[in-house]
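The values are calculated or read from the model by the stated rules, or taken from the named source; none is laboratory data. The model shown is predicted, which means the values in this text are computed figures rather than measured ones. Don't worry about glycine lacking a Cβ; one is built from the backbone with ideal geometry, like all the others, and counts go over all protein chains shown.
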Amino acid sequence: MNLSFPRFVARFLALSGFLLVVGMTLFAQSNLSALDGVWLGTLFAGPQTLRLQVHLQAGVAGSQNCALDSIDQRAFGIVCTQVTMNGDTVSFDVPAVGGGWSGKISKDGKTLTGTWKQGGNALPLAMQRQEIAIEPPKAPAAVFDAAIPAAGVADLKTVLDADLASALKVGALAPETHGGITIGVVQHGVRRIFSYGTAAPDSVFEIGSISKTFTGLILAQMVEQGTVRLDEPVRELLPRGTVAKPASGGEITLLDLSDQHSGLPRLPGNMHPADPRDPYADYNETLLYTFIGQHGVGLAPDAPFGYSNLGVGLLGQALADRAGKPYADLLHQQITGPLKMADTGVALSAGMRAHFIEGHTGDGRPAAAWDLNALAGAGGIRSTAADMLTYLEAQLHSDQLPPGALTGAGKTLPAAIAASHVVHAEAMPGTHIALNWFHNDATGSYWHNGATGGYSSYAVFNPGKDFAVIVLSNTAAGQESFADRLGEHIVHRLEGTPAISLAMEPRP
C-alpha cells in the first residue's frame, strides 16, 4: 500500500477545525447500548503510529452520541455520525475528515476489530474498551508581555512590527509556513490596514464562521422588514412537507438556531464528502432537507448551548427559502450591497479571485478552498480586511451609516444591527450570545472567530471603547488559532494592558 502517513494524518486537523468549538453528533440504528464506553486503538503505517479514541454513549430515541479523538494530534471531540450496529457488525463515519470505521465487536464486548478508511486508503484498526478516557491536555498558562502605554491606531504598526518579530522568523509567519496575515483596525473613526508574511492589504480570505454573524444580521434585517419572526419555527420556512411538526413539546425557532440553543448536532449525519479537501461542497439542499426531515425539529426543554454549524447553516437556508432567492443573493441584498462591500461574497468575483490568497494547513501545506453549498450561512463567506472594517464600523455606529446605505433593504440596517447585538442566552461562563455574536460580559466586546481547511480569522468590536479589529490569516487553526491570539493581543495593545504574547515555539 502506497500511503504517505504524514499527509494522511494531517487531514484530521486540517478538516476538523472548521470552528474552534467541537462537539458530538447523533444518528443511529438498531440496539447500540452494547457500544457504550470509551474505545482506544492505534493506526500503524510503517514506523509511525496514531492513537484514536472513540466515545460512544446511547442517547434518546435510539440515537448514539459519538466523538473521536486523534490523541497524538491533540484534536479532541471530532464528530462521528451514522453509528450502526447490526448483530456484531459495527460502523461509523467521521465526515469532517472524510473517513470512517467498520468492523465487528467481540463476543465478550471488549474489542472492536476492523478497518479505518480515509481518502481511498484503508488501515487495520482494533480498539479496546477502556475504563478511563485519555483526557485532552491542559492548555499551558497564557504568557503575557508587559503592558505599554495604550497604542493609537496610527502607532499600532510600529508596535506590532516588534511584537511579531519572533513569529516572522520561527513561528506562525516564518517563511517556510507561507503564512500571511492581514490586519484591519478602526478606532474613533480612524482606520488602518497592514499585512505581514505572504499577505497583501487587499488579499481575499475565507472568513469561516464569522459568516455566522452575517447570517444573524440577515435574520435581524428580515425581522425588521416583517418577513420573519425570531420566535417563528424554522419548519415554517422550509419547503412544505420537509419536516413534520413535533407531536408534542416545543420546536426549534429561528432564534434557537441563531443563539446556538437548537439542540441540533454540530454536523449533519448524512454528510459524506466526495472530496475530503473540500468537505462541504457537495452537501446540497436536498441532503439538508432529508436530514432535518429524519432528525426532526423538536426542541428539548431548557436546551443548552451547543455550537452547531448545521444549525446556523439551516438558518441561512431557511431565510433564503423565505426570501425566494439563494443565500448569496440574500447576503448581497441585505448587507453587502447597501454597505458597498464589493469584495465580500460567497462566490469569488473576477476581482476577488485575482486577490484570493492561497490557504495552507497548520503544517504549511497548500490547502483547497472550501465551497459551502447548503450550509453557506455557517461559514461560506470570503472577504478582505477593508470590507470587514466597513462591516465592523457599521456594528460600532449603526446610526451613522452613509445615506447611500439607507436605500432599499438598507433602510432597516440601523435597527437590525442594534437588534443583532441584543444578548439572548448564555453561551459559556462570562459569555452570552446575541444573534450569532458572542458577548464578553466583562469587557463589553462582541466577537467571533472562524476557521476552514486553509484559513482562520478573528473579529472583535467594542462599542463602549469605539474600536474594532479584524485579523485574517491564510493558515488553518491547529492546536490553537494564531489569528485569535493576535486579535486579542491587538486589543490589549489598544487598551494599554498586558498583552497575550505572540512569541511562539520554533516550528518543527
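Here are some notes:
Yes or no, residue by residue, for (1) in contact with a Lys or Arg (Cβ under 6 Å, 6 or more places away or on another chain); (2) at pLDDT 95 or above; (3) assigned by TED's automatic domain parsing to the domain that holds residue 453; (4) under 22 Å from residue 420 (Cβ atoms):
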residue	(1), (2), (3), (4)
193	no, yes, no, no
217	no, yes, yes, yes
221	no, yes, yes, yes
226	no, yes, yes, yes
239	no, yes, yes, no
247	no, no, yes, no
258	no, yes, yes, yes
264	no, no, yes, yes
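- Strands (runs of 3 or more DSSP E) lying entirely in region 1-97 (those with 3 or more residues that are within 19 Å of the chain's Cα centre (by Cα), at pLDDT 80 or above and not assigned by TED's automatic domain parsing to the domain that holds residue 299): 64-70, 75-79
- Residue tally, condition surrounded by 21 or more Cβ atoms within 10 Å (Cβ to Cβ) and under 29 Å from the mean Cα position of the chain (by Cα), over region 146-162: 1
- Top-ranked residue of region 289-326 - restricted to ones that are in a helix (DSSP H, G or I) and of a type in the set (Val, Ile, Thr), ranked as farthest from the chain's Cα centre (by Cα): 290
- Considering each residue of region 86-98 in turn, at least one proves to be within 27 Å of residue 368 (Cα to Cα) and free of Cβ contacts under 8 Å to residues at least 40 places away in the same chain.
- Extreme residue, surrounded by the fewest Cβ atoms within 10 Å (Cβ to Cβ), among residues of region 287-319 that are of a type in the set (Phe, Trp, Tyr) and under 16 Å from residue 235 (Cα atoms): 289
- Out of 315, 288, 330, 299, one residue alone is more than 30 Å from residue 389 (Cβ to Cβ), at pLDDT 95 or above and not small (Gly, Ala, Ser). It is 288.
- Summed over region 365-409, residues that are in a loop (DSSP other than H, G, I, E, B) and over 19 Å from the mean Cα position of the chain (by Cα) total 6.
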